[in-house]
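Asks: This is the structure I want to talk about, given as structure tokens.
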Amino acid sequence: MESSRSTRLEILQGTLDLMVLQTLESMGPLHGYGIARRIEQVSQDVLKLNEGTVYTALMRLQHRRWISASWGVSENNRKARFYAITTAGRRQLAREADDWNRIAGIMARLLGTAAREP
Amino acid sequence: MGTNPITLLTRLRFVWLRRRLDNEARRELSDHLDLLTARYIQSGLTLAEARAAARRQFGNATLTREEVYRMNGIQWLDGLSHDVRYALRHLRRTPRFSGTAVLALALGIAASTAIFSASEALLLRPLPYPDNERLVALRSLSPEHLYERVSAATLADWQLQTSSFQAIAGYRWYSVDVLGGAENERLKGLVATPEFFNVFGVTLVGRGFLEADRGRRVIVLGHDVWRRRFDADATLVGKTLALNARNFRQVGPTPHVVLGVASAAVRFPPLTADFQLDLATVVDTIDFWVPAFVSPSSPRQNPELDIVAKLRPGVTVAQAQAEMDAVVAQQAKQYPESSGLRVRVMPLREQIAGTSRTGLLLLSLGAWMLLFIACADVAMLALARALARHREVTIRAALGEPRWRIVRQFVFEVMILGLFAGGVGVVMSFFAIEWARPWLPASLPLLREMTINTTVAGFAAISALLAGCLTGIAPALRAGRTQSEGFVGREGVGLTPSRRRTSLVRACVAGEVALVLILLVGAGLLVRSALHAWQIHPGLDASNLLTMNVSLPENKFTWNHNAVFARRVVEAVRALPSVSGATVIQGLPMRSGSFYDSGEIEGFVPRSDTERPAWRIRVIGSDYFNVMRIPIIRGRGLDARDEEGEVGYTRHVVVSASFADRYWPGENPLGKRIGVGHPSTWWMTVVGVAGNVRYGGLEADPTVDLYYPQTLFPQAAMAASQPLFSDTSPPAGCCVETLGPH
């Protein structure tokens, strides 16, 4: 936990997209700042990403119509842009989560096997 | 990633909303930064420290914004628009170069566009009839290659004996006056055989002419007349109209039954009708049709019809020509007096456009040469400029811009110049066309339709683009190559002339000189021909001459009234202060509209049918030769007594010198007699010989004329001519007043 504060894992684009989708799915509509905070929270401060990249991810997702954007009012009564996941987005999320888990399983077995060898 | 149509549409929409999205993003990002800053302040940092920390955590906001903006764009389009805007900026900065280039190219484009619009009107645009590629004119030519019209019986024979044509129609000019309403109106139309509607694809409300209509007075009205004068009355078909038409049996209006109305306006086909007051041509619409019925037993002696036919689908002009030759040869055997006639099958467009094709082609070539010269000029200018920008190119290449982009940039610059030049050129050609319009020859009526329409504008655009490309390629390529030469110092590189560059310039100059020479020689030849034409003396003096068209309503008065009326008109006009002389003639010089006739001549025996005496009739008032300054070579002109036409007084006529030379060569023609008709029962005596006049136009030979005093030929409706010696006063207006009440 200590060294991880200075750890900056490089996140691939696609992974960040997945994270944003999942965030919106579990938290409901959020604005960009909120998404960044949630990711920070969930990753327990391990991941320090440039928060600006969230916005490029959001634009990418909007292009694919996996999320939609609308204007709303934030907690401090300011006008802010809220993003919400769409039906197509949910489907994509399910697919990618599935892929991710499968790959994770394979990697775990690979690495587990490697560790076992003398 | 993301090439399915939904993504594409969304992305396009985002491209459209780019600016707005960028504005929103700016707000979003700044709000995010504010919130981050607030958090850091809460955890104890100062404002400045908090801001810095927020920025660090966020990353480069401007970069994010730029990246998002770029995501919402189409990359190649962005590159293109950037290049174009850069080019525009550069052109604005060098106004002298840009201005010169645009002007030079515009002149070239204007010339080619103007000539093209003439070609388009005359040669390219389809004639305003359905299936116009299948329409042919059957031109009958006399042995001297003069155009002859065809008699009714001959047309009937052709209709029966040929199979290449879907329909053959005969027609000639006709006019009637329609009475009633606010004012009477003279309508211009045709006497036509019933096949006319078939040949020209005229759709009718009601019906056309049938055999059953033979002998009846019927009429089919044109679309414009129906709309204008009858207010598009839907019940007009079947009604009877009172019209003043040629009716030998009675004086006064003749009732005509309206059989049908054309559902669209129909333009006049080519006409060679003899007596016309207004030459109606392919640009005018037909007001009405009255029927002519032909059969092999119709009169064979009076050629009066123009013939147009529609080829059967699949039949070529050559095949039709072969058939017509055979039929004509057959007829020559049967009717020997018509031997020597040939019939030519000519596509209708050729008949209308005439021999203009060659001329237009030459003019087009000339205009394109002009354009090439302009392009070469601008290319050299562009080349010089591109070399002067050597430093800029080297820097850009050093910054990593690929060579093709640099070249593309230069090409764009010249192409934009080309497009501007295209726009200016189109405007210039528009004005050129409008300026030239009053000077267009009347013998090519289709030229009046010359205008800048979509086709012509398209041509101008393509020429502009091509000119731009042509001009820009060489300098651009040359510019792209300069990066490999020398280094970038403060003063730039010393431009040592490379062999390649000099040869390009030399090629341009040589090409230009060659083209300019060709153009100059061509122009010189044209000017010489024009001067030559000007020097041809028409035979009369037309300076200070004004003409006026006067006609009486057909069938309202008896014919003899024509002469009386004419005399009154001449007297009234002569009384005007600015007029020094006035006279009348039927059929103005240099325009068609005179009768011709044939007969026997005392002392001349024709050796064959082709030598049978024929002449053009000029019906004139007594002062004609004086007013028109036509010299009287022998004898005298016609005087008032000839014009009176007392009973028992010899009928005097004047002949032209060409007439006298042809029929009484070497003899004194005064006192000789001329008879009308075969055999002649009606004789006139020659009382004078007048100088030749080129009534047919400056390029034609002088016509063989016989001058009749008015009383001999009162059937003619007439035109009046009057000379003016002063420039003041608008005589036309005051003449109308004087003549008004009639």
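Asks: At 1.4 Å probe radius, can you tell me the per residue accessible area of the range B:81-219 in Å²?
Replies: 43
Asks: Sticking with this one: Counting only other chains, what is the mean number of Cβ atoms within 10 angstrom of the Cβ of each residue in peptide B:27-36?
Replies: Mean shielding count: 5.
Asks: Given a 1.4 Å probe and heavy atoms of the protein chains only, how would you sort A:Met107, B:Met628, B:Met415, largest accessible area at the top?
Replies: A:Met107, B:Met415, B:Met628
Asks: Roughly how big is the A-B contact, given as buried accessible area in Å² (both sides, 1.4 Å probe, nearest 100)?
Replies: Summed over both sides, the interface buries about 2400 Å².
Asks: Shifting gears a bit: How many partner chain Cβ atoms sit within 10 Å of a residue's Cβ in peptide A:53-60, on average, as a whole number?
Replies: 5
Asks: Also, quick follow-up: For the range B:8-70, just say rounded, prolate or oblate: build the C-alpha gyration tensor, square-root its eigenvalues into a ≥ b ≥ c, call rounded for a/c under 1.5, and beyond that prolate if a/b exceeds b/c, oblate if not.
Replies: Prolate, since a/c reaches 1.5 and a/b exceeds b/c.
Asks: I'd like the mean, over residues of B:456-465, of how many other protein chain beta carbons sit within 10 Å of each residue's own Cβ.
Replies: Average neighbour count from other chains, rounded to a whole number: 0.
Asks: Taking a probe of 1.4 angstrom, what is the accessible area of B:Ser608 in Å², to the nearest 10?
Replies: 60
Asks: What is the Cα centroid distance between the range B:398-418 and the range B:14-52, reported in whole angstrom?
Replies: About 39 Å separates the Cα centre of the range B:398-418 from the one of the range B:14-52.
Asks: Also, quick follow-up: Would you mind checking the pairs B:Lys188/B:Lys672; B:Lys333/B:Lys672; B:Lys188/B:Lys310 and listing those with alpha carbons more than 32 angstrom apart?
Replies: From B:Lys188/B:Lys672; B:Lys333/B:Lys672; B:Lys188/B:Lys310, over 32 Å: B:Lys188/B:Lys672; B:Lys333/B:Lys672.
Asks: Here's something else I'd like to know. Post the alpha-carbon centroid distance, the range B:179-196 to the range B:289-355, in whole angstrom.
Replies: Each part reduced to its Cα centre gives a spacing of 26 Å.
Asks: Related question: So if each residue of separation counts as 0.36 nm, and I subtract the Cα-Cα distance between B:Val317 and B:Arg673, what length gain in nm does that give?
Replies: Extending this stretch completely gives an extra 123.5 nm.
Asks: So, with a 1.4 angstrom probe, what is the percent of accessible area on the range B:312-451 that is carbon and sulfur?
Replies: The nonpolar share, carbon plus sulfur, comes to 70 percent.
Asks: Modelled label-to-label distance, A:Asn77 and B:Thr162, 7 Å Cα→beta-carbon offset: nm?
Replies: Result for the modelled spin labels: 9.6 nm.
Asks: Just the number please: accessible area per residue for the range B:389-433, 1.4 Å probe, all protein chains included, in Å².
Replies: 46
Asks: If R0 is 35 Å, what FRET efficiency do you get for B:Arg634 and B:Arg172 from their C-beta distance, rounded to 0.05?
Replies: Working from the Cβ atoms, E equals 0.40.
The values are calculated or read from the model by the stated rules, or taken from the named source; none is laboratory data. Keep in mind that what you see is a predicted model, and the values were worked out from it rather than measured. Virtual Cβ from ideal backbone geometry, glycine too; neighbours counted across all protein chains shown. Remember, those area values only see protein heavy atoms, side chains included, never the ligands or the DNA or RNA. Shrake-Rupley method; radii C 1.70, N 1.55, O 1.52, S 1.80 Å.
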